[in-house]
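The block underneath contains the structure these notes are about, expressed in structure tokens.
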Ligand SMILES: NC(=O)c1ccc[n+]([C@@H]2O[C@H](COP(=O)([O-])OP(=O)(O)OC[C@H]3O[C@@H](n4cnc5c(N)ncnc54)[C@H](O)[C@@H]3O)[C@@H](O)[C@H]2O)c1
């Protein structure tokens, strides 16, 4: 059995490779090539939880479960928000094949999923990226999105201005792109073609008036039924796509609270991103559409990445 550390995950996998793997994962999730159950989430105390994320990828002949703690306010303690391990099983005899660091898996695959979806949903000439939430995902998303669109400017906002300033300095050095710190989420989003919401916010940070026609939004943070980053009017204004619908209807506050407000109906979910990637349903249909990808994060994504890393390092 292999025991794979965060450093080894980083060594075995670059972002472009991860984006390609995540296209495969999103498609497999939507075409029946994989099996999942909606993750059991055990509340601990305050907002902290322990999550168990199982998946079976039949054509890959692997199954696995990611077990991780999610402590959304850990940024205040300078600790990671997601920590844990993933167990990977081969499915010939059911033996454990690898144990893989889950913080690094989650870190890279989440941004790679957003980039895979952005590639098919953002306007081809989209060049201005807004990052809302200057944490680990803020960093990973800039690294990922710049691989699928030619970026000209990045705006960043965080509830802690010092985090946004640190982010801008670090990411300008790393990418060579101009990164402008904004005083509000609305200011950061106003001119953006691609917006990534990457915060543990409990209340909306963006509404419809903040977003220009033609923008694509990756809604990634706030993955519980009672928290959200997007106001109901913004969800209603967008063409809504999801990573895995059985989870959306149980876990996604952006969707469930808009439904509860009466702003949308259940028919507002147009489909899973995997179907758009496979060409089975349309994503963006006009230049002026606002497209929204609601990302909760799925076990199959972790499994495909963990298995790739294990095979590469063997
Ligand atoms: N959908 C997925 O697959 C997936 C995967 C990983 C993380 N997430 C979620 O994405 C979010 C970011 O994760 P991370 O690992 O980057 O976390 P992190 O702790 O590294 O960064 C979070 C950042 O958000 C800022 N922040 C906190 N509250 C805010 C608010 N109300 N408004 C604006 N900014 C705020 C913090 O200052 C911090 O800089 C979390 O909510 C996490 O649960 C989702």
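Of note:
Condition check ((1) assigned to a helix (DSSP H, G or I); (2) surrounded by 20 or more Cβ atoms within 10 Å (Cβ to Cβ); (3) in the same structural domain as residue 278 (by TED's automatic domain parsing); (4) at pLDDT 95 or above) across all residues:
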{"position": "9", "(1), (2), (3), (4)": "yes, yes, no, yes"}
{"position": "20", "(1), (2), (3), (4)": "yes, no, no, yes"}
{"position": "30", "(1), (2), (3), (4)": "yes, yes, no, yes"}
{"position": "45", "(1), (2), (3), (4)": "no, no, no, yes"}
{"position": "50", "(1), (2), (3), (4)": "no, no, no, yes"}
{"position": "69", "(1), (2), (3), (4)": "no, no, no, yes"}
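- Restricting attention to segment 72-109, the residues that are farther than 21 Å from residue 13 by Cα and surrounded by 20 or more Cβ atoms within 10 Å (Cβ to Cβ) total 3.
- Scanning segment 241-255 turns up no residue that is at pLDDT 95 or above, outside the structural domain of residue 88 (by TED's automatic domain parsing) and farther than 26 Å from residue 40 by Cα.
- Inspection of segment 171-186 finds a residue satisfying the criterion of being part of a strand (DSSP E or B), over 14 Å from residue 234 (Cα atoms) and away from the ligand (no atom under 15 Å from the Cβ).
- In the set 122, 115, only one residue is in contact (Cβ under 8 Å) with a residue 40 or more places away in the chain, in contact with a strand residue (DSSP E or B) (Cβ under 9 Å, 6 or more places away or on another chain) and away from the ligand (no atom under 14 Å from the Cβ); that residue is 122.
- Enumeration of residues in segment 187-199 that are assigned to a helix (DSSP H, G or I) and closer than 14 Å to residue 215 by Cβ: 188, 189
- Any hit, segment 148-170, residues being assigned by TED's automatic domain parsing to the domain that holds residue 216, farther than 22 Å from residue 81 by Cβ, modelled with pLDDT of 95 or more and within 16 Å of the ligand (Cβ to nearest atom): yes
- Candidates are the residues of segment 71-94 that are more than 16 Å from residue 139 (Cβ to Cβ) and in contact (Cβ under 8 Å) with a residue 40 or more places away in the chain; the one that is nearest to the ligand (Cβ to nearest atom) is 72.
- Residue list for segment 210-233, filter: at positive phi and more than 9 Å from the ligand (Cβ to nearest atom): 214
- Only one of 312, 291 that is touching a helix residue (DSSP H, G or I) at 6+ places or on another chain (Cβ under 8 Å), closer than 19 Å to residue 15 by Cα and more than 16 Å from the ligand (Cβ to nearest atom): 312
- Residues located in segment 150-165, provided they are out of contact with any strand residue (DSSP E or B) (no Cβ under 7 Å at 6 or more places or on another chain) and surrounded by 15 or more Cβ atoms within 10 Å (Cβ to Cβ): 158, 159, 163
- Search result, residues across segment 200-209 that are touching a strand residue (DSSP E or B) at 6+ places or on another chain (Cβ under 7 Å), more than 8 Å from the ligand (Cβ to nearest atom) and not in a strand (DSSP E or B): 204
The values are calculated or read from the model by the stated rules, or taken from the named source; none is laboratory data. Owing to the predicted nature of the structure, the values given are computational and were not obtained by experimental measurement. Neighbour counts are summed over all protein chains in view; Cβ atoms, including those assigned to glycine, are modelled from backbone coordinates with ideal geometry.
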